[in-house]
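Please treat every number below as a calculation from the coordinates, not as lab data. Treat the numbers as computed from the prediction; the structure is a model and nothing was measured. Neighbour counts are summed over all protein chains in view; Cβ atoms, including those assigned to glycine, are modelled from backbone coordinates with ideal geometry.
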Amino acid sequence: MSASAVIPASIAVPLAGAALLAGFNRLLPRWARDLIAIAVALATTTLTLILMAASAGRPMIYWFSGWRPSAGMAVGIDYAVGPLGASMASLAGLLASAALVYCWRYFDSARGRHHALVLIFLAGSVDFCLTGDLFNLFVAFELVAVTAFALTGYNAGYPGPLQGAINFAVTNSLGGMSVLMGVGFLYARTGSLNLAQIGQALTGRHPDGLIVVAFALLTGGFLVKAAVVPFHFWLPDAYGSAPTPVCVLFAGVMSELGLFAVIRVWDTVFSGLAGGSGLRIRAVLLGLGILTAVVGAVMALAQLQLKRMLAFVTMSHLGIYLIGIGLLTPLGLTGASLLVIGDGLAKSALFLGVGVLQHQRASVSETKLRGRGRGLAVTGITIVLGALVLADLPPFVSSAGHALLVDAADQAGLPWMEIVIALSVIASSGAVLRAAARIWLGWGDTESSDADTGAADDPGEEAEGRSDTAGPERTQDQGERSGQQRRVPLTMVLPPLALLAIGLGLGLTSGLEEHAAVAAATFSDRAAYAAAVLGTHSGSIPIGARIVVPASPAASAGGVLTDLGQVLAALCVAGIALVRRALRLRRILAVGTGWLRRLHSGLVGEQVTWLVAGLALLAALGEWALH
Amino acid sequence: MSRRARLAFFTVAAAALAVTLGVGLGGLPSFGSQISAYARMLNGLAQSQRHVTDVVSAISFDYRGIDTLFEEFILLSAVAGISVLLRPLSDETRELPADKAPDRSIPPPSPAVWLLAVFLSSLLVLIGIETVTHGQLTPGGGFQGGVILASAIYVVYLGTNYVTVERFQPAPLLEASDGVGASGYVFIGLLGLLVGASFLSNVVGLGVAGNLISGGTIPLLNLVVGVEVAAGFAILASEFLDQTAVIRTRRR
Amino acid sequence: MSALAYGVVAWLFLVGIYGVVSSRNLIHLVVCLSVAQSATDILLLEIGYRSGGHAPVFVSLPAHAGPAVDAVMQALALTDVVVGAAVTGLLLALAVQVHKRAGTLDPDTLRATKD
């Protein structure tokens with residue numbers, strides 16, 4: 001009985017904590033607000049970790065309000081807790097805790113409401129990962145979105161965050177509407193909102209126009225959140241101007257939730273459709289993943305504003321996760337999930353490191369920060385290490401995930417995928433390493449011929465004594481002087497290091513790949529899931545026999561060599577990007593990709609147009625693939 | 001891309017999306033022909049199982065109660081988010097509206113308008129309370145009633161002025177009500193856990209259908225949601241009114 | 001009858017998005033977004049409609065009441081309305097701040113986030 005009480009507690013705790021923080025924020029002193037928020041976030045993380053351990057064998061089904069299904073028809077809403085979902089929820093909790101520790105004593109002009117929003121974001125993410133009801137998935141989607149919109153525009157005194165928040169809100173809101181229409185269509189056809197029941201109703205049926213359109217609308221809406229091309233234009237605007245701790249949540253958790261929803265809906269609802277071809281759907285998803293990975297990597301190299309660069313790095317990795325998911329095999333999903341965890345920790349460490357730079361040096365522009373990294377050695381190490389981990393440095397957990405992903409691609413008959421993934425990873429990590437070299441080692445031209453990409457407006461971050469508005473009296477000198485006097489607080493330095501350490505620890509954990517493989521297999525087994533939820537008894541193949549995990553891929557020499565090769569290549573890219581002799585090469589590349597950069601104009605009208613085009617395209621591709 | 005290019009691109013894309021939506025909508029069952037077995041079951045059972053006459057409330061607060069919990073928190077997040085977005089920033093100050101000319105003051109609200117405001121706002125409060133408390137009997141409930149209650153504040157502002165309406169918007173009380181309303185829903189849900197049932201189970205006595213107190217936890221949830229929504233929208237009114245009437249850029 | 005009823009959904013959604021794409025004023029954009037939102041509400045309610053049905057409220061019914069319409073879809077539509085209101089409120093707050101900080105409400109002239 002106690003284990004099943006953990007399930008509702010995992011959302012009740014953050015929700016109640018957030019409501020009380022928001023309601024009584026005037027009564028609590030600053031330290032109490034911080035402490036309560038961190039405690040609630042840590043408690044939620046613990047609860048979801050317990051769920052991850054408890055659901056390792058088979059999914060735990062929990063029916064809210066006591067309504068169990070009758071005669072195979074779901075009456076209430078259920079949570080279907082599986083290790084994959086619970087681990088994503090734990091990641092969300094961990095990153096939220098790290099972000100809240102980082103916020104210690106800062107972000108106080110919002111008096112605790114900022115903390116409440118982060119906790120509600122966390123509760124929404126937990127619900128998103130655990131729910132078994134399609135409409136509840138939509139509601140959680142919108143809850144995460146609404147809190148995210150508000151948190152993005154936190155620095156409301158600057159036009160950058162405001163515009164970023166508007167672009168974010170408009171595009172993701174349209175994505176949500178698309179999801180809701182898909183939900184409506186599925187309900188009209190199958191008469192249920194429960195994922196398992198809808199899946200049962202569609203198994204063995206031939207998809208007609210309605211099902212194809214429902215698939216396109218649902219997947220397209222979730223892909224907006226996951227920032228997959230061509231739905232991605234809002235991401236650099238939002239991530240590039242949101243406050244740093246919020247970026248941690250976004251990059252580590254929120255976008256990945258979009259991909260989680262895509263594969264969840266596919267596995268539980270659409271995977272049983274007859275006719276069509278799994279190969280063609282795979283081609284669609286892989287194509288989108290490759291496009292996203294490449295566009296993200298190229299745009300990351302072209303950025304000189306650090307947060308925007310990290311935004312594109314995030315987007316490139318999202319493309320890689322979509323490749324893993326799009327293979328539609330449990331092994332691919334295993335690789336993708338380990339990558340999500342490992343990269344999530346590394347990306348968060350990177351954003352927190354950039355946040356320290358912003359706090360201490362009052363800038364996030366690579367060119368303005370050139371050579372000013374002195375005195376911030378720990379942050380430098382954090383950023384370099386984070387970039388290397390993103391390039392799959394062994395023995396961090398990302399390299400294990402990468403190895404599994406490559407294996408899955410090989411098994412699917414696509415060995416060239418490894419090259420595509422390697423190129424994007426090398427390019428995106430190389431961009432970050434180039435920035436680190438310029439900032440800490442002072443490399444690169446004094447007068448950079450690389451055009452400064454309009455980062456004239458550094459979104460100021462709210463901190464003690466620092467203005468939260470772009471007032472005319474704030475000069476560069478004033479910012480420099482006030483920054484260099486201060487020591488970096490421990491609460492800003494420790495969280496990124498802790499996250500990287502966790503990544504290392506997980507990577508060194510033996511048996512992690514086996515657990516992840518079992519989790520992915522459980523997740524992908526539609527028939528067993530439906531039986532567990534609806535209580536109908538049908539045979540299912542024992543989970544363990546489903547997939548074969550290579551004995552210890554991370555230890556295999558080939559895997560380690562490839563990963564180290566990637567790391568080395570990333571360092572070379574960073575070097576090439578700064579050396580004077582490669583100037584002509586850089587100029588040619590800049591001209592060649594100018595059209596791509598001009599497309600990212602930050603105008604919401606254009607972003608919505610791309611979204612509409614993307615939805616129509618997805619419908620056409622779905623028709624080709626499913627029919 | 002230029003504006004013209006964008007509109008041309010959009011026209012093509014919208015046409016394609018129109019075709020997509022058309023195909024999807026065309027696959028729907030004929031308008032008005034049937035409803036799902038799930039809906040028919042709930043229509044038939046809700047009254048006997050939960051002793052309420054408004055099935056929509058039963059679905060919102062009982063059968064699918066967890067959805068409404070998150071919906072309530074969406075509203076709480078929006079209110080918290082808007083008050084964060086509209087908070088006075090470091091280069092702003094609060095100044096009450098005052099007449100610029102030294103020998104004049106802003107005229108007080110006219111007695112006729114003032115009377116109308118009193119009458120209308122009282123009426124709105126009454127209707128709001130009625131809607132909140134009768135949610136389990138007739139269409140209505142916490143969300144709808146809460147909005148009606150909050151609109152009374154707007155009427156007061158329209159009929160009087162900023163200074164008067166400020167007296168009806170004590171910020172600490174409103175925020176506390178917002179928080180209590182939202183956490184109240186969670187705590188009522190925890191009641192179910194305490195007696196060993198599932199979260200958000202209907203564990204309070206159900207009463208007789210058609211009475212004011214019926215449906216177990218449904219009227220209680222209606223009440224907390226009503227408090228939360230009313231407080232939330234009142235905070236919104238306060239924030240937006242502050243921005244228009246009071247918050248000014250600090251003069252050097 | 002079906003074509004008209006469902007066609008309204010597609011029409012509202014596309015017209016709303018057209019308004020968003022071509023808008024020159026943020027307030028206008030927000031209102032167009034809520035027009036598109038109302039299209040989804042209408043879709044849900046229409047899916048749940050039954051000819052000759054009465055509201056799912058079982059009080060003061062006539063003698064031969066006939067079937068009731070789908071109450072689940074109505075509950076979903078209520079949730080959607082709340083979500084729409086939340087997003088509209090946030091966007092309006094952002095518009096207020098943009099007007100103060102950037103001096104304009106024209107989304108096409110906001111150039112703070114571009115490459």
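Remarks
- Those residues of segment B:193-227 whose amide nitrogen sits under 19 Å from the label point placed on B:ILE129, 7 Å along Cα→Cβ: B:212-214, B:219-227
- R0 of 56 Å, Cβ-Cβ distance B:LEU158-A:ALA582: FRET efficiency to nearest 0.05: 0.25
- Mean partner shielding of peptide B:39-48, defined as the number of other chain Cβ atoms within 10 Å of each residue Cβ, is 5.
- Among the listed pairs A:LYS368/C:LYS100; A:LYS307/A:LYS368; A:LYS225/A:LYS307; A:LYS225/C:LYS100, those whose Cα-Cα separation exceeds 23 Å are A:LYS368/C:LYS100; A:LYS225/C:LYS100.
- Extended-chain gain in nm, criterion 0.36 nm per residue less alpha-carbon gap, B:VAL204 and B:SER90: 36.1 nm
- Between helix A:306-326 and chain A: long-axis angle, C-alpha atoms, 0 to 90°, nearest 10: 20
- Note on segment B:124-157 and segment A:263-291: Cα centroid distance 47 Å, given to the nearest whole angstrom.
- Dipole magnitude of the protein assembly as shown about its Cα centre (Cβ charges: Lys, Arg +1; Asp, Glu -1), debye to nearest 20: 1820
- Neighbouring partner chain Cβ atoms per residue of B:182-189, average, 10 Å criterion: 6
- Here the contact order of segment A:1-123, divided by its residue count and restricted to Cα pairs under 8 Å and six or more residues apart, works out to 39 percent.
- Enclosed volume per residue, in Å³, of the convex hull spanned by Cα atoms of segment A:245-382: 91
- For segment A:80-148 versus segment C:65-103, the gap between their alpha-carbon centres in whole angstrom: 21
- Note on A:LEU28 and C:ILE27: the model spin-label points, each 7 Å out from Cα along the C-beta direction, lie 3.7 nm apart.
- Over all orientations, segment A:180-268 has a Cα convex hull whose mean projected area works out to 6.4 square nanometres.
- The modelled label-to-label distance for the pair B:LEU173/A:VAL378, using points 7 Å beyond Cα in the direction of Cβ, is 4.8 nm.
- Counting only whole DSSP H helices of chain B, the ones at least 27 Å long by C-alpha along their axis and with mean Kyte-Doolittle hydropathy no lower than 0.5 are B:3-26, B:65-85, B:111-133, B:171-194, B:217-241.
- In segment A:74-217, taking the dipole from charged Cβ atoms about the Cα centre, the farthest positive-side position among A:PHE215, A:ALA110, A:THR131 is held by A:ALA110.
- FRET efficiency, 1/(1 + (r/R0)^6) with R0 56 Å, evaluated for A:THR203 and C:ASP108 via beta carbons: 0.70
- Rough spin-label spacing in nm, given labels placed 7 Å along Cα→Cβ, for A:HIS627 and C:TYR49: 2.9
- For segment A:1-132, the Kirkwood estimate of the hydrodynamic radius, built from every pair of different alpha carbons, is 15.3 Å.
- Which of B:GLY205, B:LEU173, B:GLN243, positive extreme of dipole for chain B (C-beta unit charges): B:GLN243
- Peptide C:95-104 has a mean shielding of 6, counted as Cβ atoms of other protein chains within 10 Å of each residue's Cβ.
- Fully extending the segment from B:VAL195 to B:GLN49 would add 50.6 nm, taking 0.36 nm per residue of separation and subtracting the current Cα-Cα distance.
- Segment B:54-249 shape via C-alpha gyration tensor axes, a/c threshold 1.5: oblate
- Taking the Cα centre of segment A:203-296 as reference, the dipole from Cβ charges on Lys and Arg (+1) and Asp and Glu (-1) amounts to some 200 debye.
- Annotation: extensible slack from B:ALA15 through B:SER105 equals 26.6 nm (criterion: 0.36 nm per residue apart, minus Cα-Cα distance).
- 0 to 90° range, to nearest 10: angle between helix A:330-361 axis and chain A longest Cα axis: 30
- With Cα atoms defining each centre, segment B:165-188 and segment A:180-242 are spaced 36 Å apart in the structure.
- Peptide packing for B:218-226, A:511-519, B:190-198, A:332-340 was compared via the average number of neighbouring C-beta atoms within 10 Å per residue; ordered from the highest value, the list is A:332-340, B:218-226, A:511-519, B:190-198.
- Note: relative contact order over chain A, using C-alpha pairs below 8 Å and six or more positions apart, is 18 percent.
- FRET efficiency estimate (nearest 0.05) - Cβ-Cβ, A:ARG280 to A:TRP595, R0 30 angstrom: 0.50
- With contributions of -39500 (n - 2.57) from each DSSP H run of at least four residues, the per-residue ellipticity at 222 nm computed over the protein assembly as shown stands at -22500 deg cm²/dmol.
- Calculated on C-alpha atoms, the gyration radius of chain A divided by its Kirkwood radius gives an Rg/Rh of 0.95.
- Degrees, to the nearest 10: C:71-102 long Cα axis against longest axis of chain C: 10
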